[in-house]
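Working notes for the structure below.
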Amino acid sequence: MGEKVKVSIEQIFVVMLLSRLFITLTDIPPIIGSMEVTDYLFRVLFFILLVFISAIPVYLTVKNDTNANILDRCVCISPIFGKVVAFIYGITFIYVIIATMARFDMFATSIIFPKTNFTGFLVIIILACMFAAILGIESISRSSTFIFVVFLVSFLAVVFSVYKKVDFLNFSPIFYNGAGSTIKAAFISMPRTFELAAVLMLMSKIKGNIKKGMTFWIIGMGLFQTVIIFLMVGVMGDYMKTQLIPAYTLSVVAEYGFLQRMDVLLTSTWILCVYIKVSVMIYLFKDCMKTLISDKYDNLYIIVSSIIVSVITLFLNPKAYSINYLLNPIIPLVLYSLTVIAIPCIVLISEKVKDVKNYEK
């Protein structure tokens with residue numbers, strides 16, 4: 001069953017929220033096409049609806065307090081099936097790590113430090129995440145509480161500094177070019193929500209009502225996106241469609257009291273969000289390897305996976321890889337469909353047919 005440590009649902013909620021925030025903050029409007037700026041607000045509604053619908057198998061999987069994660073339950077259905085699922089989840093978490101680091105590299109080298117080789121700093125972040133993963137999910141969750149407070153303070157400072165600059169004339173007519181692009185954008189965003197797969201992996205380590213925590217988490221994502229998009233549209237209007245990272249542009253125009261460079265404060269917290277996301281994914285990859293290979297080498301799996309990801313990061317062409325990843329949603333869609341929808345459905349059906357009730361390996 002793995003570690004007996006239990007983390008409160010509130011702490012997991014904060015971890016998952018921070019993990020998803022970096023994807024939201026580095027959203028790229030130009031890839032959406034003809035969608036008008038006001039439609040971005042409605043994209044959030046479609047996105048939340050799609051996440052809720054796709055999360056139904058996860059809700060049903062965590063419905064019963066089995067004290068077992070998705071891999072434990074797969075192994076009890078069939079040891080071979082358990083190894084196959086562990087491999088799929090392991091590949092997914094490695095992909096998420098690489099994609100996150102490539103996305104961050106693109107953001108840093110395109111916006112913050114143009115014409116700068118950032119790969120060395122990326123490796124340092126991965127190594128920090130490696131040590132966090134070795135310390136365990138309880139350590140990651142404790143540090144996430146502090147990071148969340150720092151992020152919330154910096155975000156509220158940006159909100160208070162720009163809300164007076166909102167001009168409602170910047171809001172375009174709703175669905176002026178139809179709703180197709182808006183729905184497409186929601187479909188692009190949905191499969192990047194791999195935190196739902198993380199919940200399936202962590203559910204044996206969570207104490208509290210997981211379903212309620214997931215609901216608050218999804219609603220929290222929606223509220224945050226609504227606020228940040230409302231401010232971006234109200235302050236920048238159509239100009240935001242010309243910006244690679246409009247959330248960063250919003251932080252640049254923000255000034256609050258003696259803080260004249262809010263972009264520095266806010267983007268510093270983005271690095272911490274990357275740290276949380278990658279730490280969790282490395283930790284979960286370790287759990288996958290324990291099922292796939294052996295449960296004797298916890299730290300070795302973490303170290304080896306960190307080295308592999310670091311080497312891949314060093315040899316990537318960050319801009320080309322990141323843009324390809326952002327423009328082509330096929331890979332995340334396939335992995336999301338497998339880990340969040342298909343595998344939980346297979347588990348639920350198999351458990352019903354076989355009447356599986358004992359989840360001990």
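With respect to the conditions (1) at pLDDT below 90; (2) within 18 Å of the chain's Cα centre (by Cα); (3) surrounded by fewer than 18 Cβ atoms within 10 Å (Cβ to Cβ), Ser322 lacks only one, and its number is (3).
Residue pairs whose Cβ atoms lie under 8 Å apart, sitting 6 or more positions apart in sequence or on different chains, and linking a residue in the range 303-326 that is over 25 Å from Lys286 (Cα atoms) to a partner that is among the hydroxyl-bearing types (Ser, Thr, Tyr) and modelled with pLDDT under 85, are Pro318/Thr109; Pro318/Thr119; Lys319/Thr109; Lys319/Ser110. Checked against the criterion of being in a helix (DSSP H, G or I), surrounded by fewer than 19 Cβ atoms within 10 Å (Cβ to Cβ), touching a helix residue (DSSP H, G or I) at 6+ places or on another chain (Cβ under 9 Å) and at pLDDT 80 or above, the candidates Val340, Val304, Val353, Val347 yield just one match: Val304.
Any chance the range 255-264 includes a residue that's modelled with pLDDT of 85 or more, part of a helix (DSSP H, G or I) and buried (at least 19 other Cβ atoms within 10 Å of the Cβ)?
In the first step, residues of the range 255-264 are kept if they are modelled with pLDDT of 85 or more; the result is none.
Scanning the range 255-264, I find no residue that is modelled with pLDDT of 85 or more, part of a helix (DSSP H, G or I) and buried (at least 19 other Cβ atoms within 10 Å of the Cβ), so the answer is no.
As a summary of the residue check, Ile271 satisfies the conditions (1) modelled with pLDDT of 80 or more; (2) β-branched (Val, Ile, Thr); (3) more than 23 Å from the chain's Cα centre (by Cα) except for the one numbered (3).
Taken as a whole, the structure leaves Leu152 outside the set of residues that are under 20 Å from Ile271 (Cβ atoms), outside any helix (DSSP H, G or I) and not polar (S, T, N, Q).
If you check Val252 against the conditions, is it at pLDDT 80 or above, out of contact with any Ser or Thr (no Cβ under 8 Å at 6 or more places or on another chain) and not small (Gly, Ala, Ser)?
Working: at pLDDT 80 or above: no; out of contact with any Ser or Thr (no Cβ under 8 Å at 6 or more places or on another chain): yes; not small (Gly, Ala, Ser): yes.
So Val252 fails the test.
Across the range 168-197, the number of residues qualifying as in a loop (DSSP other than H, G, I, E, B) and at pLDDT 85 or above comes to 2.
Cβ-Cβ contacts under 6 Å between residues 6 or more apart (or on different chains), taken from a first residue in the range 126-139 that is touching a residue at least 12 places away in the same chain (Cβ under 8 Å) and closer than 11 Å to Val280 by Cα to a second residue that is among the small types (Gly, Ala, Ser) and crowded, with 17+ Cβ neighbours inside 10 Å, are listed as Cys129/Ser279; Met130/Ser306; Ala132/Ser279; Ala133/Ser279. Within the range 33-42, the set of residues being surrounded by fewer than 19 Cβ atoms within 10 Å (Cβ to Cβ) and part of a helix (DSSP H, G or I) comprises just one member, Leu41. Any chance the range 140-148 includes a residue that's assigned to a helix (DSSP H, G or I), over 25 Å from Leu314 (Cβ atoms), of a type outside the set (Ser, Thr, Tyr) and free of Cβ contacts under 8 Å to residues at least 12 places away in the same chain? The answer is yes; a qualifying residue exists.
Looking across the range 43-77, the residues that are assigned to a loop (DSSP other than H, G, I, E, B) and in contact (Cβ under 8 Å) with a residue 12 or more places away in the chain come down to Ala55, Val62, Lys63, Thr66, Asn67, Ala68, Asn69. For the range 126-149, the criterion of being in contact with a Gly (Cβ under 7 Å, 6 or more places away or on another chain) and not polar (S, T, N, Q) is met by none of the residues.
The values are calculated or read from the model by the stated rules, or taken from the named source; none is laboratory data. Remember, predicted model here, so these are calculated numbers, not experimental data. When we count neighbours, we look across all protein chains shown, and the Cβ atoms used for this are built from the backbone with ideal geometry, even at glycine.
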